[in-house]
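Structure first, commentary second.
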Amino acid sequence: MPGTPALFDPSIYEARRIRLLMGLADGLVLLPGNADSPMTFRDNVHPFRQDSSFRYFFGLDQPDLVGVIDVDEEEATIFGDELTLDDIVWTGYLPTIADRAKQVGVEKTRPLADLPKLLQEAHAQGRPIHYLPPYRDAQTLGLARWLDRAPSEIAPGASLELILLVISQRAIKSPQEIEELEKAVDLSVDMHVAAMRMARPGMKESEIAAEVTRIAMAGGAGISFPPIATIHGEILHNHDDSHTLSGGDLFLLDAGAMTRSGYCGDLSSTFPVDARFTERQATMYELSLAAHEDAVRMLQPGVTNLQVHLAAAEAIAEGMTALGIMKGDPEEAVAAGAHALFFPCGVGHMMGLDVHDMESLGEVYVGWNGQPKSTEFGLKSLRLGRQLEPGFVLTIEPGIYFIPQLIDRWRAEKKHEAFFDWDELGKWRDFGGIRNEEDFLITGEGAHRLGKPKPKTIAEVEARRGR
């Protein structure tokens with residue numbers, strides 16, 4: 001809950017801030033925390049989610065705080081206002097901001113009203129004010145007010161120097177962070193196993209979404225994103241959970257837990273609504289699983305995640321060729337981008353304090369190390385393509401998706417037609433979608449799967465589906 005003690009020892013937050021300021025020549029680092037976000041009026045708010053970079057450097061999970069690091073003076077200050085009696089009546093008592101600041105190694109606190117003056121003085125002195133790109137309108141308006149700028153000037157004024165420094169720190173997970181991520185993934189596995197056990201014909205998708213959310217909350221955590229719980233797995237991010245499960249359906253669950261510390265898990269499973277896979281379902285499931293395992297085997301320092309992605313793509317193309325759905329040379333098909341008809345997304349993404357870690361800082365910097373991304377369909381959706389390093393945490397989630405509208409469009413346009421048997425493909429047009437997803441830490445020697453094993457093989461999944 002907001003106001004709970006900081007997760008790590010104060011020295012950890014101090015070391016993070018020192019490393020950050022040592023990377024800058026001068027000026028101020030401005031790291032606003034998030035505010036409450038109203039649903040329908042000011043006091044009826046969405047569940048609070050602290051800004052991840054504020055939490056990384058300042059540790060406190062409470063609305064309406066701002067962290068400032070003075071690079072020249074080598075000191076940090078937390079700006080915020082104490083609770084009024086009216087606040088306490090509704091939300092309960094919290095220690096003073098000064099007491100909470102000490103939990104994260106900050107000795108200096110000031111009221112929010114002092115912040116604009118500090119920033120204006122720094123600007124008048126020609127000192128740079130470094131801030132990260134805002135991703136909420138409230139952040140943009142707050143920065144505009146404090147910096148006395150037009151809202152349209154805020155996003156372009158974000159500090160690339162600070163963005164790159166924050167990414168370089170947050171991308172490498174510490175042992176304490178790994179421990180929290182293991183907890184998040186363990187609980188995420190429990191969510192998926194529960195879904196496998198409960199799914200039955202006649203049940204609503206929403207019942208499974210509700211149960212996996214309950215498990216996360218009962219485990220003292222929350223969800224890292226709204227669950228994708230669907231019989232329409234061909235829709236990559238399908239949050240419509242209004243459908244009824246029927247015999248013969250495949251069910252896709254993409255869901256993860258977020259611990260109270262803010263660290264996320266992200267797993268996907270696909271399983272039959274019936275007790276067993278049909279032969280047809282098993283054929284495509286095994287193909288998808290082979291692509292997943294090929295990608296996992298690629299994980300090691302020095303390999304680019306683009307190479308990992310292409311390994312999964314080639315496995316899919318080879319499997320589709322063996323089934324007669326594709327034709328020609330699978331390697332040539334992947335080079336041409338024909339595989340993207342079935343695999344139009346990326347093989348995975350960074351994960352940490354955000355389920356798509358640091359996404360607001362710019363995918364080209366987080367996932368591609370500043371290199372331009374491809375504009376090719378499918379490949380342009382690969383969030384992480386850069387060289388892997390020890391300490392990175394990422395997901396592996398290649399999938400196979402039969403999207404009827406996409407198939408019809410490509411067939412009408414004769415797109416990559418040299419690589420497809422359209423008549424054979426037509427037999428699978430309404431099959432749906434499949435993916436498995438696991439979370440990995442890149443180590444010095446290879447990769448470590450986070451959390452306890454999730455049922456993944458056909459035998460493992462059917463064992464959980466037994467009636």
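The values are calculated or read from the model by the stated rules, or taken from the named source; none is laboratory data. Quantities reported herein were computed from a predicted structural model and do not represent experimental measurements. Positions of Cβ are generated from backbone atoms using ideal geometry, with glycine treated the same way; all protein chains shown enter the neighbour counts. The accessibility values were calculated without ligands, DNA or RNA, using every heavy atom of the protein model including side chains. Shrake-Rupley method; radii C 1.70, N 1.55, O 1.52, S 1.80 Å.
Kindly state which strands (runs of 3 or more DSSP E) lie completely within the stretch 12-93 and contain at least 1 residues that are modelled with pLDDT of 95 or more and of a type in the set (A, V, I, L, M, F, W, C). Before the answer, list the steps.
Working: elements: 28-32, 38-41, 66-70, 75-79.
In the stretch 12-93, the matching strands (runs of 3 or more DSSP E) lie at 28-32, 66-70, 75-79.
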Check your understanding: Could you count how many residues in the stretch 397-414 are among the charged types (D, E, K, R) and crowded, with 17+ Cβ neighbours inside 10 Å?
Key -> 1
Exercise for review: Take the stretch 152-162 and flag every residue that is farther than 20 Å from Glu121 by Cα and either touching an Asp or Glu at 6+ places or on another chain (Cβ under 8 Å) or open to solvent by 10 Å² or more (accessible area, probe 1.4 Å) (or both).
Suggested key: Ser152, Ala155, Pro156, Leu160, Glu161
Point to revise | Among residues of the stretch 133-146, those that are open to solvent by less than 20 Å² (accessible area, probe 1.4 Å) and touching a helix residue (DSSP H, G or I) at 6+ places or on another chain (Cβ under 9 Å), counted | key: 2
Exercise for review: Only residues that are of a type in the set (Val, Ile, Thr), open to solvent by 10 Å² or more (accessible area, probe 1.4 Å) and over 22 Å from Arg49 (Cα atoms): list them for the stretch 187-237, please.
Suggested key: Val193, Ile231, Ile235
Point to revise | Selected residue (only one of Leu165, Leu187 is touching a residue at least 24 places away in the same chain (Cβ under 8 Å), touching a Gly at 6+ places or on another chain (Cβ under 8 Å) and closer than 18 Å to Val71 by Cα) | key: Leu165
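Just name the residue that is nearest to Gly23 (Cα to Cα) out of those in the stretch 43-71 that are exposed (fewer than 14 other Cβ atoms within 10 Å of the Cβ) and touching a residue at least 24 places away in the same chain (Cβ under 8 Å).
Step one: filter the stretch 43-71 for residues exposed (fewer than 14 other Cβ atoms within 10 Å of the Cβ), giving 43-44, 46-47.
Restricting the remaining residues to those that are touching a residue at least 24 places away in the same chain (Cβ under 8 Å) gives 43, 47.
Numbers: Asp43: 40, Pro47: 34 Å.
Ranking the candidates gives Pro47 first.
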Revision key, fill the gap. The residue that is surrounded by the fewest Cβ atoms within 10 Å (Cβ to Cβ), considering only those in the stretch 263-283 that are farther than 22 Å from Lys452 by Cα and among the charged types (D, E, K, R), is Glu279
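Every residue, every condition in (1) open to solvent by 30 Å² or more (accessible area, probe 1.4 Å); (2) within 25 Å of Glu332 (Cβ to Cβ); (3) not in a loop (DSSP other than H, G, I, E, B), yes or no:
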site	(1), (2), (3)
Leu353	no, no, no
His356	yes, no, no
Thr375	yes, yes, no
Arg383	yes, no, no
Gly391	no, no, no
Thr395	no, no, yes
Arg429	yes, yes, no
Practice item. Output the qualifying pairs, or none if there are none: Cβ atoms under 7 angstrom, residues six or more apart or on different chains, first residue in the stretch 133-144 and within 15 Å of Pro116 (Cβ to Cβ), second residue open to solvent by 30 Å² or more (accessible area, probe 1.4 Å) and in a helix (DSSP H, G or I). Key: Leu141/Pro151; Ala144/Pro151
**Study point:** Within the stretch 269-295, tally of residues that are without any contact (Cβ under 8 Å) to a residue 60 or more places away in the chain and assigned to a loop (DSSP other than H, G, I, E, B)
**Key:** 1
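If you scan the stretch 74-90, which residues turn out to be more than 13 Å from Leu28 (Cβ to Cβ) and surrounded by 14 or more Cβ atoms within 10 Å (Cβ to Cβ)?
Ile78, Gly80, Leu83 - these are the residues of the stretch 74-90 that are more than 13 Å from Leu28 (Cβ to Cβ) and surrounded by 14 or more Cβ atoms within 10 Å (Cβ to Cβ).
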Check your understanding: If a residue has to be of a type in the set (A, V, I, L, M, F, W, C) and out of contact with any Leu (no Cβ under 7 Å at 6 or more places or on another chain) to count, how many in the stretch 103-155 make the cut?
Key -> 12
